[in-house]
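In what follows, a single structure is set out as structure tokens and then discussed.
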Amino acid sequence: MKQKRDGKILINLKLKNKKKEEKPKGPQWPQYDTCDEQTIVRRRHQPQPQPHPQHAGDVDVPPPAYGGEGHQPIYPNLDELEAVGGEAGTAGGMQTRHQKKEAEKKQTKKQMMSFLGMTNYCRRWIPDYAHLTAPLQELMFKKEIPMHMKLEWSTEAEASFTQLKEAMTQTGALGFPDYSKPFVQTVDCKGEYMVSVLAQRFGMQMRPVAYYSIRLGPVARALPPCVRAVEAAAEAVLASSTIVLYHQLTLLVPHAISILLLQEKIKLLSPARHLSCMAVLLEQPHMTIERCTVLNPSTLMPTEIDGEPHDCLVECSKVTKPRPDLQDDPIPGSVFIYVDGSSTKSESGKTQSGYAVVTDTETLKAEPLPPHYSAQAAEIIALTEACKLMTGQIVTIYTDSAYAHSTIHIFASQWENRGMITSTGKPIMHGDLIRNLLKAIQLPAKIAVCKCTAHTNAKDRVSKGNAKADEEAKSAAKRCYTYLTDPVDSTFLKEMQDSAPKCEKDKWTLKGATVNPQGYYV
């Protein structure tokens, strides 16, 4: 039989003949091949009590296996490691720690993706891996570039690359999971990133079992810090599930997760995401959630000197609303304002849009809008104009639009935090109008935006005011909207007409257009 070696393919007769040999007794290393793009390594059956001292500080030693009687650790003898198929210039295809540390910067997107793919295999051994590699990810994906285009390195990316190489060369300090002991998992949310440590008690201290870190999605990143911690906790529990395997787990978080999920008024998560977080965090019998306000941000281990006590519900309400004193109940003694927007079709099929801002006795403002504005856009504009008219005053504004009411109370600040984009990265509808509303909402001295029922035909004060706003908005929509346009330069107009095809100019002539002394059609 033949043995072929080209750096990628290896047909090893020894592997086939090895099956016929009698396996030695006692604890052994299982025979298998580990391969990557550079190296194929065969570990032989050779029990050793410790790594070879000649290579102990240079070559990365594989973790010990456990087997045999007493579950004693088994280390490979590095003299028995056979590396084949390696690239020229390396010692048999194996890279030492010094070689990894001195690795050159990756020049292309393809090389960087290959490098991060290799480091991602070790992410459980590297604390805060996601945050560490973020500048390198930004080099590749901040803008669309081909796979073979050279990367534009920044100072932050170079520092991240150096730190990542340092982390790859450090000796891991993780323990093996002991399923006779309960697990403890600490979770925190550092800005846009979830960081977590799964640990078990070892003597008087906690010994890490695995590190976890990911960057949260765009929707989660726009949430208030306390609600963002709920998303981070759910991601951490899912990440550690492959090790915990439904054994006893205590989850330590610096926020009141249970209260946030069970509080009905906090509607910051979509119904589907809310149910998903509840299923992961509150409905698993093996898991206990404890609030830990003293969480060391460097190690994620509880200490007695770190942490900041706070009320999660109060903090969420402060961050969610565009201004802390924004209310959803009427302010006693304030000016009552009613707003409405309208967008309907005329008898000829044209869209008519408008808005109105009224009080109990008079109409403050009622204007038509461009026909492409929808009813929702008209409602946002009406609310914005009401805030501008009430600058420096104490006002209660009533609207019958659920869209306008929920936008200003819940979603506007979140959309602004993530740059007015959706979870898919697309711009939200009416982004510019919502930005104007967020600026205008700061103008009154005190303000409450309240929701009222539309078209009730009731005789109370709010119903009559809302009906008046609805009538004025429809009346304003029927008026002709006047566009104010800047005069067009005759030279620019002539250039545009000259670029038109001959058939288009013939149509102009058939409809009566003539060329004036300046040389363009009128």
Original post:
For the pair Lys345 and Trp153, how long in nm is the line joining their label points, each one 7 Å along Cα→Cβ?
Top reply: 6.2
Original post:
Which cross-chain or sequence-distant (5 or more) residues have an amide H under 5 Å from the amide H of Leu269, H modelled 1.01 Å from N in plane?
Top reply: none
Original post:
If amide H atoms are built 1.01 Å from N in the plane of the peptide, which residues on other chains or at least 5 residues away come under 5 Å of the amide H of Ala210?
Top reply: Leu198
Original post:
So what's the convex hull volume per residue for the Cα atoms of the range 335-478, in Å³?
Top reply: 109
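Going by how many other beta carbons lie within 10 Å of each one, how would you line up Glu362, Glu192, Glu152, fewest first?
Numbers: Glu362 7, Glu192 17, Glu152 10.
Starting with the residue having the fewest Cβ neighbours, the order is Glu362, Glu152, Glu192.
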Subject >> Nitroxide proxy distance, nm - points 7 Å out along Cα→Cβ at Phe492 and Phe141 >> reply: 4.1
Subject >> Derived scalar couplings ³J(HN,Hα) [the range 272-289; Karplus, 6.51 cos²θ - 1.76 cosθ + 1.60; whole Hz; x for Gly, Pro] >> reply: 5, 5, 4, 5, 5, 5, 5, 5, 6, 9, 10, 10, 9, x, 8, 10, 10, 9
Original post:
How would you rank Ile259, Ile380, going from fewest to most other Cβ atoms within 10 Å of each one's own Cβ?
Top reply: Ile259, Ile380
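Cα-Cα over 25 Å: which of Lys345/Lys439; Lys350/Lys464; Lys388/Lys451?
Correct reply: Lys345/Lys439; Lys350/Lys464.
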Original post:
What list of ³J(HN,Hα) values in whole Hz, one per residue of the range 390-407 in order, does the Karplus curve 6.51 cos²θ - 1.76 cosθ + 1.60 (θ = phi - 60°) give from phi, with Gly and Pro shown as x?
Top reply: 9, 4, x, 10, 9, 9, 10, 10, 9, 9, 9, 8, 5, 5, 5, 5, 5, 4
**OP:** Hand me the trypsin sites (Lys or Arg not before Pro) from the range 435-522 located in a DSSP loop with no more than 16 other Cβ atoms within 10 Å, in residue order please.
**Re:** Lys459, Arg479, Lys511
**OP:** Output ³J(HN,Hα) for the range 462-473: one whole-Hz value per residue in order, computed from phi by the Karplus curve 6.51 cos²θ - 1.76 cosθ + 1.60 with θ = phi - 60°, and x for Gly and Pro.
**Re:** 5, 5, 5, x, 5, 5, 5, 5, 5, 5, 5, 5
Original post:
To the nearest Å, what is the center-to-center distance of the range 320-351 and the range 397-450, using C-alpha atoms only?
Top reply: 12
Original post:
How large, in Å, is the range 398-522 by the Kirkwood hydrodynamic radius built from its alpha-carbon pairs?
Top reply: 20.0
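None of the figures in this text is laboratory data; all of them are computed from the coordinates on show. The structure displayed is predicted, hence computed values, not measured ones. Note: ideal-geometry Cβ built from the backbone for every residue, glycine included; neighbour counts use all protein chains shown.
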